[in-house]
Structures are given as structure tokens and as C-alpha cells.
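The values are calculated or read from the model by the stated rules, or taken from the named source; none is laboratory data. Computed from a predicted model, the values in this text were never measured in an experiment. As a convention, Cβ positions derive from the backbone with ideal geometry for all residues, glycine included, and neighbour counts pool all protein chains shown.
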Amino acid sequence: MLARIKHDWLFWLLWLLISAYLVWGVQFIPFHPDESSWLYMSADYESFLDDRAGLTWDASLPDDYDQNYRLLNAPLPKYLLGLARSLAGYSPDSVSVDWDWSLDWAANVKAGALPPQNMLFAARLLNTLLFAAALAFFYFTAKGLAGRPAGLAAFALLAVNAPLLLHTRRAMSESALIFTVALSLWAILHPRPRPWVTGLAVALAVSAKLSAAPLFLFGLLAVLWPGRYESRRLKPRLLRLGQYLTVFVLAVYTLTPLIWRQPLEAGRAALDARLAFTQDQLATLRKFDLDDRILDTPSDRLVALLAHQFFAPPAFADVGNYLDQTAPQEAAYLSIPGHNLLRGFIGGSITLTLTIFSLAWTFALTIRHQHERRRAYILLGLGTLIMAAALLATIPVPIQRYGLPLTPFLVLWAALPLALPYNTTHN
């Protein structure tokens with residue numbers, strides 16, 4: 001272990017510096033009202049420890065406020081935020097008031113919906129440390145794909161990704177999502193993959209945010225396609241598949257009490273709730289004559305997805321209800337060096353060009369069958385297509401956070417060309 005740390009000393013030094021920068025910057029993160037809602041939902045942490053039966057779906061309570069939240073949102077971020085809150089010394093009573101978007105800022109503050117600063121900091125700090133851990137898994141994933149230069153490049157590009165720097169340091173679900181996506185990529189693309197580890201990582205990702213569900217198919221492809229050190233016979237493949245599916249199902253079931261009693265019915269109710277939520281979003285946009293924000297066509301969705309992935313600055317708000325109140329925090333945040341790197345036309349063009357070049361270069365290597373890592377590259381390409389297609393099919397509004405499950409895939413592709421001299425001399 002010590003030898004490995006010594007071997008990667010430059011990465012660990014940079015990782016410590018970046019982690020310190022991330023933690024230091026937590027104090028400047030602009031508040032988002034959804035942080036109040038996620039901390040309100042974090043009361044599920046104590047319920048999961050003490051009264052799991054109370055978290056199960058009950059068809060006789062179709063209008064229950066907390067149950068509707070459980071139908072809409074994955075459970076893992078609630079547990080993590082509840083843990084952070086508990087460690088900071090705050091009980092569920094301290095988050096008993098949810099943010100009401102129909103009220104103005106002052107009314108929400110008066111009602112007690114604004115979280116105490118110390119509790120908010122503790123929740124953000126835990127999420128920030130999760131993002132730092134994601135950077136480490138990301139480095140080792142890229143290093144396994146194309147050597148240490150690619151690992152350092154991928155680590156650096158993910159660490160300065162402007163949307164991630166904002167969204168993963170809020171008391172919301174994006175940090176758990178990015179951490180578990182990075183963990184899943186590491187497990188799936190590892191030179192010696194273990195099906196049970198892959199199943200657990202993908203289950204955690206799905207339990208972090210439902211938009212990570214396409215990772216299940218990605219992991220399934222990896223398990224069914226034998227790696228260099230795995231047998232290609234049918235029986236070993238079936239055994240690997242059994243490990244993957246068993247661990248995935250058990251992990252998701254354990255973390256989701258909502259489905260314990262009636263898994264099929266609860267799953268259908270969750271799907272209906274998500275569809276109804278999306279329709280409500282679209283109805284609201286139409287009500288306020290904001291039809292231009294509705295992405296009706298595949299081309300509109302692709303343009304919006306690429307814009308948020310490469311060009312758009314960090315999106316502080318999804319709607320404009322409280323822009324006057326958050327504007328000073330946003331200005332202070334953007335004044336800090338590093339919070340808006342590689343965005344805009346020039347920065348976005350650089351990363352987009354690197355990504356496109358990497359796709360073409362890797363495809364050429366794969367076609368010639370000259371690269372020993374071609375299985376991992378093909379898998380990464382398929383995983384990218386699966387995730388992109390799923391997001392394009394399910395996101396009808398241009399909200400930056402919704403496209404984040406694709407970000408680690410694209411950052412990996414952008415980093416690979418930076419290792420071209422290494423791969424030319426080592427393969």
C-alpha cells in the first residue's frame with residue numbers, strides 16, 4: 001500500500017491541495033432552496049435506523065407529503081445528509097420545515113425553512129469530501145485506461161469542472177451521484193473487475209439519483225463481456241452475472257425501504273410520481289409563457305446538453321424566484337479563481353475538441369486492434385452512448401444538474417488525448 005502511495009506521490013500531493021481548496025470554498029457556496037428540502041428529507045436517516053417500517057410505501061396515503069418525496073427522490077443522499085446533520089448535533093426537529101416555493105424569501109425565513117449555518121456547512125462539508133473521494137477513483141480509472149498522464153489529466157479536468165465545483169458542494173444529491181458514478185466507472189473499467197463490486201457500485205449510484213439507472217445496463221455489458229483475466233466459457237459468465245444481479249438487487253432493496261412491502265406497486269407509483277412531476281414542470285413553464293425553455297425535439301435536447309456540459313457557466317438557480325436574494329453570494333462565488341474555468345466559448349471549445357479527438361483517436365486504435373485496452377475503450381464508448389441516450393430521452397427542460405451523470409464520461413474522453421505521447425511509447 002505504501003509503495004502504491006509513493007508511486008503516485010504527485011497525484012496524492014495534488015489531491016491534498018485540491019481537497020483543501022474544495023473544503024475552503026464551501027463557505028462561498030450560494031444557497032439553493034432545494035438544500036432546505038434535502039435537509040428536510042434527511043429525517044429519513046433517523047427513520048431508517050429506528051423505524052424502517054414507517055418508510056415503506058402505503059397505497060392508502062396517496063397525498064402524504066413525505067411519501068411523495070420518497071417516490072420522487074433516491075434514498076442515499078438523504079441518509080448521507082442525515083448523518084452529517086446528526087454528527088453536527090442537529091436532530092430531525094431542526095429540519096422540520098420544508099422550503100415553500102410559493103412563498104417569498106422572507107416568508108420562508110420567518111417560517112424556519114432556512115437551515116442553521118452550522119448544519120448547512122456540515123452537510124456541505126460531507127458532500128465536498130465525497131467529491132474529493134470521487135476525484136481519487138477517477139484518477140485511478142483513467143490511469144488504468146491510458147497510464148498516469150491520463151489519470152492526472154482526468155483528475156485535473158474533473159476537479160476544475162465548473163458545474164461540479166458548484167453542485168457537488170451543496171447539501172443536495174449531486175455529490176453522492178458523482179461519487180457513485182466515479183466508483184462505478186472504476187469498478188467497470190478496472191483491469192481485473194469483480195462482478196460483485198460492480199453490482200454494489202451501480203446499486204449505490206441508482207440509490208443516489210434515479211438518473212444513474214442507465215449504469216445498470218453499462219455494468220451488465222461489462223459483466224457479460226469477459227476481460228483479459230476472465231474465462232470466456234458460458235458457466236463462468238453466468239456465475240459473474242449472478243453475482244452482479246444478486247448484489248445489485250440486495251443493495252438497492254436494502255437502501256430503499258419504500259419498496260420493501262410491495263416492490264412492484266411502489267416502483268410503479270415512483271414512476272408515476274416522476275412523470276407527474278415532469279408534467280407539472282412543463283405546465284408551469286407554459287403558464288408563464290416560457291415555452292422556449294421546453295426541449296421538444298431531440299436536437300434541442302442535444303444542444304442544451306452540450307451547452308451545459310462544455311460552455312454554460314455554473315447554473316446557480318433553475319428558476320428565477322429568488323435571484324435578488326442570492327445575487328451577492330453568486331457574485332462572491334464567481335470572484336474566486338477556479339470557479340469558472342474552461343467555460344464560455346474558448347474553454348468549452350477546447351474541452352469539446354479534446355473529447356471529439358479522443359473519440360476519433362480511440363476508434364482508430366480499436367479498429368486496428370493494436371491497443372491492449374480496446375475492451376475498456378469500447379465499454380466506455382458504449383456506456384457514454386447509453387447514458388447520453390437516456391438523458392436525451394428523459395430531460396425535457398434545460399436544467400444543468402440533470403445532465404451531470406454524463407459529465408464523468410465526457411471528462412474521461414477529454415483526458416485521453418493528453419496521454420497520447422505516453423500511449424505511443426508504451427503500447
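Test each condition in (1) at pLDDT below 95; (2) within 30 Å of D272 (Cβ to Cβ) for Y40 and report the one that comes out false.
For Y40, the exception is condition (1).
D63 versus (1) surrounded by fewer than 20 Cβ atoms within 10 Å (Cβ to Cβ); (2) under 22 Å from A123 (Cα atoms): which is the lone unmet condition?
(2)
Six or more apart or on different chains, Cβ under 6 Å: which pairs go from a residue in region 336-352 that's within 13 Å of P313 (Cβ to Cβ) to one that's in a loop (DSSP other than H, G, I, E, B)? Could you list them?
So the pair list comes out as N340/P313; L341/V160; R343/P313.
Considering each of L295, L290, L334, L305 in turn, give the residue that is surrounded by 12 or more Cβ atoms within 10 Å (Cβ to Cβ) and touching a Gly at 6+ places or on another chain (Cβ under 8 Å).
Answer to the check: L305.
Among the residues of region 307-348 satisfying the criterion of being of a type in the set (F, W, Y) and assigned to a helix (DSSP H, G or I), which is modelled with the lowest pLDDT?
Looking at residues that are of a type in the set (F, W, Y) and assigned to a helix (DSSP H, G or I), I get F345.
Does any residue of region 237-249 turn out to be farther than 24 Å from A213 by Cβ and either touching a helix residue (DSSP H, G or I) at 6+ places or on another chain (Cβ under 7 Å) or in a helix (DSSP H, G or I) (or both)?
Yes, region 237-249 contains a residue that is farther than 24 Å from A213 by Cβ and either touching a helix residue (DSSP H, G or I) at 6+ places or on another chain (Cβ under 7 Å) or in a helix (DSSP H, G or I) (or both).
Between a residue in region 374-399 that is at negative phi and any residue that is acidic (D, E), which pairs come within a Cβ distance under 9 Å, given they are 6 or more apart or on different chains?
Correct list of pairs: P396/D296; V397/D318; P398/D300; I399/D318.
Within region 341-350, can one find any residue that is within 16 Å of P396 (Cα to Cα), out of contact with any strand residue (DSSP E or B) (no Cβ under 9 Å at 6 or more places or on another chain) and not hydrophobic (A, V, I, L, M, F, W, C)?
No; the residues of region 341-350 include none that is within 16 Å of P396 (Cα to Cα), out of contact with any strand residue (DSSP E or B) (no Cβ under 9 Å at 6 or more places or on another chain) and not hydrophobic (A, V, I, L, M, F, W, C).
Could you tell me how many of the residues in region 20-53 are over 22 Å from the mean Cα position of the chain (by Cα), exposed (fewer than 14 other Cβ atoms within 10 Å of the Cβ) and in contact (Cβ under 8 Å) with a residue 24 or more places away in the chain?
Going through region 20-53 one residue at a time, the tally reaches 2.
Against the conditions (1) exposed (fewer than 13 other Cβ atoms within 10 Å of the Cβ); (2) modelled with pLDDT of 90 or more, where does S231 fall short? Just the number, please.
With (1) exposed (fewer than 13 other Cβ atoms within 10 Å of the Cβ); (2) modelled with pLDDT of 90 or more applied to S231, the lone miss is (2).
Looking at F131, F138, which one is at pLDDT 95 or above, closer than 20 Å to Q27 by Cβ and aromatic (F, W, Y)?
Selected residue: F131, the only one of F131, F138 that is at pLDDT 95 or above, closer than 20 Å to Q27 by Cβ and aromatic (F, W, Y).
Considering only region 69-82, I want to know if a residue exists there that is at pLDDT below 95, in contact with a Ser or Thr (Cβ under 7 Å, 6 or more places away or on another chain) and either crowded, with 16+ Cβ neighbours inside 10 Å or not in a loop (DSSP other than H, G, I, E, B) (or both).
Taking every residue of region 69-82 in turn, none turns out to be at pLDDT below 95, in contact with a Ser or Thr (Cβ under 7 Å, 6 or more places away or on another chain) and either crowded, with 16+ Cβ neighbours inside 10 Å or not in a loop (DSSP other than H, G, I, E, B) (or both).
Can you tell me how many residues within region 198-219 are in contact with a Phe, Trp or Tyr (Cβ under 9 Å, 6 or more places away or on another chain), over 26 Å from T56 (Cβ atoms) and either surrounded by fewer than 20 Cβ atoms within 10 Å (Cβ to Cβ) or in contact (Cβ under 8 Å) with a residue 60 or more places away in the chain (or both)?
Residues in region 198-219 being in contact with a Phe, Trp or Tyr (Cβ under 9 Å, 6 or more places away or on another chain), over 26 Å from T56 (Cβ atoms) and either surrounded by fewer than 20 Cβ atoms within 10 Å (Cβ to Cβ) or in contact (Cβ under 8 Å) with a residue 60 or more places away in the chain (or both): 0 in total.
Conditions: (1) in contact with a Gly (Cβ under 7 Å, 6 or more places away or on another chain); (2) of a type in the set (G, A, S); (3) not in a helix (DSSP H, G or I). A59 meets all but one. Number of the miss?
Unmet for A59, out of (1) in contact with a Gly (Cβ under 7 Å, 6 or more places away or on another chain); (2) of a type in the set (G, A, S); (3) not in a helix (DSSP H, G or I): (1).
Of the residues R169, R148, R124, which is crowded, with 18+ Cβ neighbours inside 10 Å and in contact with a Phe, Trp or Tyr (Cβ under 9 Å, 6 or more places away or on another chain)?
The conditions single out R169.
Picking from T366, T351, T355, T362, which residue would you name as being modelled with pLDDT under 85, surrounded by 16 or more Cβ atoms within 10 Å (Cβ to Cβ) and under 15 Å from A414 (Cβ atoms)?
T362
If you scan region 27-46, which residues turn out to be out of contact with any Leu (no Cβ under 7 Å at 6 or more places or on another chain), hydrophobic (A, V, I, L, M, F, W, C) and under 14 Å from D98 (Cα atoms)?
Once the filter is applied, which keeps residues that are out of contact with any Leu (no Cβ under 7 Å at 6 or more places or on another chain), hydrophobic (A, V, I, L, M, F, W, C) and under 14 Å from D98 (Cα atoms), region 27-46 yields M41, A43.
So G227 passes all but one of these: (1) in contact with a His (Cβ under 9 Å, 6 or more places away or on another chain); (2) in a helix (DSSP H, G or I). Which condition number does it fail?
For G227, the exception is condition (2).
With (1) at pLDDT 95 or above; (2) surrounded by fewer than 24 Cβ atoms within 10 Å (Cβ to Cβ); (3) not small (G, A, S) as the list, and K143 as the residue in question, which single condition is left unmet?
Only one criterion in (1) at pLDDT 95 or above; (2) surrounded by fewer than 24 Cβ atoms within 10 Å (Cβ to Cβ); (3) not small (G, A, S) is unmet by K143, namely (1).
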